[in-house]
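Colleague: Input: one structure, supplied below.
The values are calculated or read from the model by the stated rules, or taken from the named source; none is laboratory data. Quick caveat: nothing in here was measured; it's all calculated off a predicted structure. Cβ atoms come from the backbone with ideal geometry, glycine included; neighbour counts cover every protein chain shown.
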């Protein structure tokens, strides 16, 4: 580990990556800088300009160059007898489709392996044991009636989800099997159902299930509502966030969920990859 004498902070993003930082090494070495103090380097939301909206603490942000890009920067810094101090964001993660831990909790509820990672009050009165998600632009009934909630298929994961503008709310994978097994239309398979991962959104069976849950029709709206009622979450108007939310946010930012780092198992899970970089000698300090 190199002694930390003087640092310069570099703000990384898709327009200024690890390779861009490499080109600054000689300049700052000549000024006597011992370490690059880097903005968060773990995976954050696509297009993030700051990195404080992390979505995966187990990998380097691909927009910055991924682990390979970080390795090149480390090699260049070490050749100049310099190192890295990394800014970390241990106490919250951004919610949404890019956060697979969060999506797993929405899909599986309390049984998710990641449920312990987030401060969710499953027993809050009025929540009925569900996670309240205040992301709707109007009352749920109005949004449903207007056909803004749309059942869709995720080819990459072989699963249904409900789309609402930029949001993707997963459907319990156990219920996915039931949906595919019994569409109300005539699009039933005579042959055995292939693995979900081999299905695509344009498969007649998948398309039939989606059509069955089209909220623009009374029957489809009723089916979609019944399907949503069986999920581990409940979609509500964004205005209810301050009064009815049953999971801890970062301050009052509903896009950021608090992480229970006070739980040793959660701390270990969320810090394991970062600490492995320290053990490899790639990072000399964490802030």
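Colleague: How many of the residues making up segment 194-219 are modelled with pLDDT of 90 or more and more than 11 Å from residue 153 (Cα to Cα)?
Modeller: Number of matching residues: 10.
Colleague: Given the criteria buried (at least 21 other Cβ atoms within 10 Å of the Cβ) and part of a loop (DSSP other than H, G, I, E, B), does residue 32 qualify?
Modeller: no
Colleague: Moving to a separate point now. Please find, among 15, 65, the residue that is on the phi > 0 side of the Ramachandran plot and modelled with pLDDT of 95 or more.
Modeller: Of 15, 65, the one residue that is on the phi > 0 side of the Ramachandran plot and modelled with pLDDT of 95 or more is 65.
Colleague: How about segment 131-161: which of its residues are in contact with a strand residue (DSSP E or B) (Cβ under 8 Å, 6 or more places away or on another chain), part of a loop (DSSP other than H, G, I, E, B) and surrounded by fewer than 20 Cβ atoms within 10 Å (Cβ to Cβ)? Break it down into steps so the answer makes sense when it comes.
Modeller: Residues of segment 131-161 in contact with a strand residue (DSSP E or B) (Cβ under 8 Å, 6 or more places away or on another chain): 131-140, 143, 148-154, 159-161.
Cutting the leftovers down to part of a loop (DSSP other than H, G, I, E, B) gives us 137-139, 148-149.
Hits for segment 131-161 are 137, 138, 139, 148.
Colleague: Collect the residues in segment 194-231 that are in contact with a strand residue (DSSP E or B) (Cβ under 6 Å, 6 or more places away or on another chain), surrounded by 17 or more Cβ atoms within 10 Å (Cβ to Cβ) and assigned to a loop (DSSP other than H, G, I, E, B), keeping them in residue-number order.
Modeller: Passing the criteria: only 213.
Colleague: Okay, next question. When you look at residue 252, is it under 24 Å from residue 102 (Cβ atoms) and at pLDDT 95 or above, yes or no? Show your work before the answer.
Modeller: Values: under 24 Å from residue 102 (Cβ atoms): yes; at pLDDT 95 or above: no.
It is false that residue 252 is under 24 Å from residue 102 (Cβ atoms) and at pLDDT 95 or above.
Colleague: Is one or more of the residues making up segment 258-277 assigned to a loop (DSSP other than H, G, I, E, B), closer than 23 Å to residue 112 by Cβ and touching a strand residue (DSSP E or B) at 6+ places or on another chain (Cβ under 6 Å)?
Modeller: Within segment 258-277 (the criterion being assigned to a loop (DSSP other than H, G, I, E, B), closer than 23 Å to residue 112 by Cβ and touching a strand residue (DSSP E or B) at 6+ places or on another chain (Cβ under 6 Å)), the answer is no, since none of the residues qualifies.
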